[in-house]
2 protein chains.
Amino acid sequence: MVTTHSESAYRGNPYDASCPTRPLLDRIGDRWTVLVVGILGQGDARFSELRRGIEGISQKMLTQTLRGLERDGLVRRTVYPQVPVRVDYALTDAGRTLLDPLRALQEWSIYHLGDVSASQEAYDQLRMGDIGPNAAL
Amino acid sequence: MVTTHSESAYRGNPYDASCPTRPLLDRIGDRWTVLVVGILGQGDARFSELRRGIEGISQKMLTQTLRGLERDGLVRRTVYPQVPVRVDYALTDAGRTLLDPLRALQEWSIYHLGDVSASQEAYDQLRMGDIGPNAAL
DNA sequence: CAGCATCCTTCGTGATACTG
DNA sequence: CAGTATCACGAAGGATGCTG
């Protein structure tokens, strides 16, 4: 038996309101999670390295995200009792399985950014017309 | 020239705070987006069908999610001027490119649910010990 | 350095009521 | 049926100050 995942036959269904995959999906789709995992995919990193690498993330959110990932068994936290203390974060085996899906998401965003932006502008133009200068007078 | 995406050479980088991929990542990783796109991947659907299919989504969030996707050019909204009115939602070609990445995310959640839950329990047990009955007395 | 604790503001979200 | 509009609330998130 080398089943790494749950031995039960229960299969989550995120379309059910109470399904535990809902919060899980929330976490892995989270904006910061995508970026944190992305960086850790390139190798272990210290807290400050992550913080610098992810522009705009607050200390609070970085800590919170890392704790969540650690709790989920996706990230391993290692403390080196030095002075000053040093903490390394690394993806676990499970965490690494997240790399491909999240990279795909990131790539999709980068690749489709142009089209989406154009679509947004067009959409906003039209709606502008609805309430624009000559609208409903 | 059959480039479907932006002709500019600008490549988004979500690690930059001001990069427009940030809000885009937010949208496509959004909990409701994943589920809405998932349903539309199986074929067009009416508003009420979506609402029934995604247990627990409020009317407001469904509308909001669909509007966002429409604005991004990922979903096409078709109104049939009947009484009562009928509105169909369908993925656009661009929207369909989102199917694989989002399905991967969903599958990952379902597949790893067991492991993650187990890890969470273990983690919470340990932290319980820190402040538990015999802690720091 | 790597956090934790606190305050405070903003935003997302749900509930409710109304319309073409 | 498929929304829009409004309100009201809790949680998300940022800023600041402190600690091992």
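Coordinate-derived values only; no laboratory data. Remember, predicted model here, so these are calculated numbers, not experimental data. Glycine gets a Cβ as well: all are built from the backbone with ideal geometry, and neighbour counts include every protein chain shown.
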Degrees separating the helix B:31-40 axis from the principal Cα axis of chain B, which is the longest one: 40
Virtual paramagnetic centre 7 Å along Cα→Cβ of A:Q64, amide N under 20 Å, in the stretch A:23-40: A:23-39
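Can you classify the stretch A:21-131 as rounded, prolate or oblate using the Cα gyration tensor, where a ≥ b ≥ c are the square roots of its eigenvalues, rounded means a/c under 1.5, and otherwise it's prolate if a/b beats b/c and oblate if not? Don't skip to the answer; put the middle values down first.
On the way: a/c = 2.65, a/b = 2.18, b/c = 1.21.
Prolate shape, in that a/c is at least 1.5 and a/b is the bigger ratio.
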0 to 90° range, to nearest 10: angle between helix A:59-71 axis and chain A longest Cα axis: 60
Mean separation of Cα contacts under 8 Å (6+ apart) over length of chain B, as relative contact order %: 19
Qualifying trypsin sites (Lys or Arg not before Pro) for the stretch A:8-80 [loop in DSSP, other Cβ within 10 Å: at most 14]: A:R11
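Within a 10 angstrom radius of the beta carbon, how do A:Y80, B:Y10 rank from fewest other beta carbons to most?
A:Y80, B:Y10
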